[in-house]
């Protein structure tokens, strides 16, 4: 069996958790939801830090916990890596000591893994004490430490939440690089959609201790029934490639499955792959190709489905472009009726903003 | 005028006291470290009870503790009967008896600083260690103890110094046998009783200087240790 199977049921005063997850054996699965929805508890249960009354935790052929067979491995016998919200480095050990603490117990000896350190940009910090590191450096060391114990599963509990926006921007590229290199599954908890857009392969939406929706990130984000669809955050994630720069106007041309979109200039070289986020509120619809519009990104698309109650002020429209990319558009119900929008109609989508997630 | 050099009797008292304090400290750590760890982590009611019991010597007059120990360990006491039946003999007025009494008497001085510093080690640190494959004993040895260094030092100095200075308990349980149970504080008392003030000064003064130096050294070491952790606490 491959992949990760996790089922936890837990009752606490004022909170109940009941989740069943099946996650791919590679890539990043993001648990996303409002604070208090139980996503951190799921992570703690997976690690064995919190014991759920009923639970199953299986990774590949290894079973860490199964309440039916009464199997239970304590945390220190589960080959996992855990990155906490605060870096939580051992203050009495240098960076090297922190890494060696992990690698020795993971059967990797004392030598820090060069490649890993270069990947996370901490090779120059080895002899420093944690107190002498910045918040971002600490968190990078914490990630390297978690990976030094050669885990079979990496659990990350809002690793960026304690950092300010600038530190986040500093770390995200490292995470993204890791994401592309890691061969183990990662379970990543966050309440920031930017991180979802940048890192997620698989997305699990949680609310009040339950899983509301789960699946490949593109599908879940573009779904009209997801809890996200009802919020201001409704958006899609698109995979893109930098295909050109217009330095005179400070713009970058991005290729999304054969369609050209323009965004504010990004620093990446041509050919670099990145992800875009397009908010539903930034996509408006027109029956005919608009002429003389200030909006650059205009493309034809077919309406796939229209969501929203019949008494809501606004509704959400899902579109598919000729090349297969999906978009969401938020329009008022009045516009829906005035334009007589219906599934199957061909329409022009005007995209006001394309946000590269960097 | 008596001469200003220490008599054999004084040297005996000093050696005995040092030996007593060292042996007691060793036993205090063997008992106190696990006890303090348990007290720092337990949520059970038993914890409060044990905590209170350990602290009793702090508020009890030493003679009271000594008196009950004498009764317990004596030929009529339950512990005394046990030790006799085990062939150890009676403990009062022997060196082992002194060690037992000193251990009980100094226990709070070791357990309380240890407990405070163990309690200051965050649950998170233990969890981190567990996620890095460290078992409970491994974690205690390589994470908890190093992080509790100031507490360990305080406990050692307080436990040692407090044993050096005790009087009432020792007098009750050990009596005043030169070379066997006569410790420094009792030797000083004897000198004073005999109006040998110069000798008393010499002994008392050395004890004062020793205690002061020990505490001063502790301050310095703790400052050296804690300047780094103080900054670390910021967010490491």
query = At what distance in angstrom do the alpha carbon centres of the stretch A:177-245 and the stretch B:109-134 lie from each other?
reply = 37
message = Once each part is reduced to its C-alpha centroid, what is the distance from the stretch B:14-54 to the stretch A:17-65 in angstrom?
response = 41
task = Could you tell me the distance between the Cα centroids of the stretch A:97-146 and the stretch A:312-352, to the nearest Å?
result = 49
task = Treat the count of other C-beta atoms within 10 Å as a stand-in for reagent exposure and order A:156, A:129 from fewest to most.
result = A:129, A:156
query = Can you give the alpha-carbon Rg of the stretch B:20-183 over 2.2 N^0.38 Å, where N counts its residues?
reply = 1.17
inquiry  = For the stretch A:148-267, what does the relative contact order come out to in percent, with C-alpha contacts under 8 Å and a separation of six or more?
reply    = 14
ask   = Shape call for chain A from the C-alpha gyration tensor, a ≥ b ≥ c root eigenvalues: rounded (a/c under 1.5), prolate (a/b greater than b/c) or oblate?
value = oblate
query = At a Förster radius of 25 Å, what calculated FRET efficiency corresponds to the Cβ-Cβ distance of residue B:180 and residue B:222, to the nearest 0.05?
reply = 0.10
request  = Can you pull the one-decimal nm distance between simple spin-label points at residue A:166 and residue B:210, each 7 Å off the Cα toward Cβ?
outcome  = 5.7
note = With a ≥ b ≥ c from the Cα gyration tensor eigenvalues, square-rooted, and the rule rounded for a/c under 1.5, otherwise prolate when a/b > b/c and oblate otherwise, the stretch A:103-192 is oblate
task = Note the angle between two axes, namely the Cα long axis of helix B:8-41 and the longest principal axis of the Cα atoms of chain B, as a number of degrees from 0 to 90, rounded to the nearest 10.
result = 30
Quarter of the Cα convex hull surface for the stretch A:235-357, i.e. its orientation-mean projected area (nm²) = 7.5
task = Using only Cα atoms, find the angle between the long axis of helix A:165-181 and the longest principal axis of chain A, and express it within 0 to 90 degrees, rounded to the nearest 10.
result = 80
key: Whether the stretch A:54-117 is rounded, prolate or oblate, judged on the alpha carbon gyration tensor where a/c under 1.5 counts as rounded   = prolate
task = Quick one: compute the contact order of chain B, relative version, from alpha carbon pairs under 8 angstrom and 6+ residues apart, as a percent.
result = 30
note = Hydrodynamic radius by Kirkwood for the stretch B:89-205, inverse mean 1/r across distinct Cα pairs, in Å, is 16.9
Radius ratio Rg over Rh of the stretch A:185-260, counting only Cα atoms, Kirkwood formula for Rh = 1.07
ask   = Which whole-number percentage describes the relative contact order of chain A, with Cα contacts under 8 Å and a sequence gap of 6 or more?
value = 16
ask   = Could you give the angle, 0 to 90 degrees to the nearest 10, between helix B:45-59's Cα long axis and the longest principal axis of the Cα atoms of chain B?
value = 30
task = Between A:15, A:101, A:84, find the one with the highest GNM mean-square fluctuation for chain A; connect C-alpha pairs within less than 10 Å.
result = A:15
message = Quick check on chain A: helices-only [θ] at 222 nm, where DSSP H runs of length 4 and up contribute -39,500 (n - 2.57) each and the sum goes over total residues. Nearest 500, please.
response = -6000 deg cm²/dmol
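Coordinate-derived values only; no laboratory data. These numbers come from a predicted model, not from an experiment. Heads up, the Cβs are rebuilt from the backbone with ideal geometry, glycines too, and the neighbour counts pull from every protein chain shown.
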